[in-house]
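Reviewing the structure listed below.
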Amino acid sequence: MQYSEAEKRSKIIVHTSVIGILANVFLAAFKAVIGIISHSIAITLDAVNNLSDALSSVITIIGTKLAGRESDKKHPFGYGRIEYLSSLIIAAIVLYAGLTSLVESIKKIVNPSTPEYSAISLIIVGVAVLVKIVLGLYVKKTGEKVNSDSLVNSGKDALLDSVISSATLVAALIYVFSGFSLEAFLGAVISVVIIKAGFEMLSETVSKLLGEPGDVELIKDIKKTVCTFPEVKGAYDLILHNYGPDKYNGSIHIELEDSCSVSRLDELTREIMIDVYKKHQVILTAVGVYSINTQDTEAAKFRKEISERVLSHEYAKQVHGFYYNKSEKAVRFDVVISFDADSRQAVLEDIRKDLSQEYPEYNFSMAMDMDYGEI
């Protein structure tokens, strides 16, 4: 039976998550027994943290299944963004686990209890550290391979758990050999680390939900693909809309000579859309066109002159879509202005003022633009 790439991805995520659930439930059970017997707050909290990891894996499976639903009338772009919502829930679980641990640790600092460790309990904790390291690396690497934020977050959480378990083991050994208990204080430190990791996961996921420019390398590769067509003299303004991991719709502007026929333009845009989808799995919903003067050598010279003047302004990065209407003395073009400028609008106005003073007889129509591949 042949599976699509999306189905293969879903199966990998589910398989990896199931392994995570089984491993975390197994570890949680052992740690809970050890924590209760030894009266160790750090080991008990570690067991609870393992259960939260198992829950995260369950959420990952549910999110992946829901995200794989076919697009419909209500959601024509599909349900891919549900994976970001599942990542958000996982981040919230990590935050909750950290805050709960911090409260319990503070209680133990105020009202300390004496832990009791056995050699077997310490050995089990040590084995748990190794298991979490292997599990964390496996889940994180798989998540990066299939571009799953939920798996990556789960993997990071597992690696963080291995550090926490290692610290718990060190604290136990210190108590065994010195009689000095650091458990409650260690629990507080662990809690802060967990809370910090939760906020970072939350921030990354929220950023994607708000909308990011897209992968810079992907943007550059798509532009290179578009520019392989002989008629295309430049590719600009590529905007990618993300509807879940590896699910992009986009639009782009291309520069063509003004001698290009409408018939060829129709063929060309279709060819570009097909080629981009085959090579990058990105659906171009629109291909806009900038016309380049080719009938008049004076226009080409004027373009070079104007471009050099515009680019002499700080923060002006690129000029494209240039067209010169000689009979009406009208010039239109787009100018890319860096986000490093205090006010991009002020830079545009400075350019407009400069050109108007230098060429008072011309009417300049400028549009402020950005290069999403250079952000």
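Miscellaneous remarks
- In region 228-243, the residues that are under 30 Å from Asp149 (Cβ atoms) reach residues that are at pLDDT below 90 and hydrophobic (A, V, I, L, M, F, W, C) with C-beta atoms within less than 6 angstrom, at least six apart or across chains, in these pairs: Leu238/Ile219; Tyr243/Phe77.
- For beta carbons closer than 6 Å, sequence separation of 6+ or different chains, a first residue in region 332-355 that is free of Cβ contacts under 8 Å to residues at least 24 places away in the same chain and surrounded by 15 or more Cβ atoms within 10 Å (Cβ to Cβ) and a second that is of a type in the set (Lys, Arg) and outside any helix (DSSP H, G or I), the qualifying pairs are Ser338/Lys317.
- Ala67 being in the same structural domain as Lys141 (by TED's automatic domain parsing), touching a Leu at 6+ places or on another chain (Cβ under 8 Å) and small (Gly, Ala, Ser): no
- Residue list for region 252-269, filter: closer than 17 Å to Thr294 by Cα and buried (at least 19 other Cβ atoms within 10 Å of the Cβ): Ile254, Glu255, Leu256
- Pairs are defined by a Cβ separation below 6 Å, a sequence spacing of at least 6 or placement on different chains, a first member in region 30-51 that is modelled with pLDDT under 75, and a second member that is outside any helix (DSSP H, G or I) and not charged (D, E, K, R); the pairs so defined are Ser38/Pro115; Ser38/Tyr117; His39/Ser113; His39/Pro115; Ser40/Pro115.
- Of the residues making up region 123-143, those that are surrounded by 18 or more Cβ atoms within 10 Å (Cβ to Cβ) and among the aromatic types (Phe, Trp, Tyr) number 0.
- In region 248-264, residue modelled with the lowest pLDDT [restricted to those that are touching a Gly at 6+ places or on another chain (Cβ under 8 Å) and either hydroxyl-bearing (Ser, Thr, Tyr) or not in a strand (DSSP E or B) (or both)]: Tyr248
- Any hit, region 286-307, residues being in a loop (DSSP other than H, G, I, E, B), in contact with a helix residue (DSSP H, G or I) (Cβ under 6 Å, 6 or more places away or on another chain), at pLDDT 85 or above and among the hydrophobic types (A, V, I, L, M, F, W, C): no
The values are calculated or read from the model by the stated rules, or taken from the named source; none is laboratory data. Keep in mind that what you see is a predicted model, and the values were worked out from it rather than measured. Ideal geometry is used to build each Cβ from the backbone, glycine not excepted, and the neighbour counts take in all protein chains shown.
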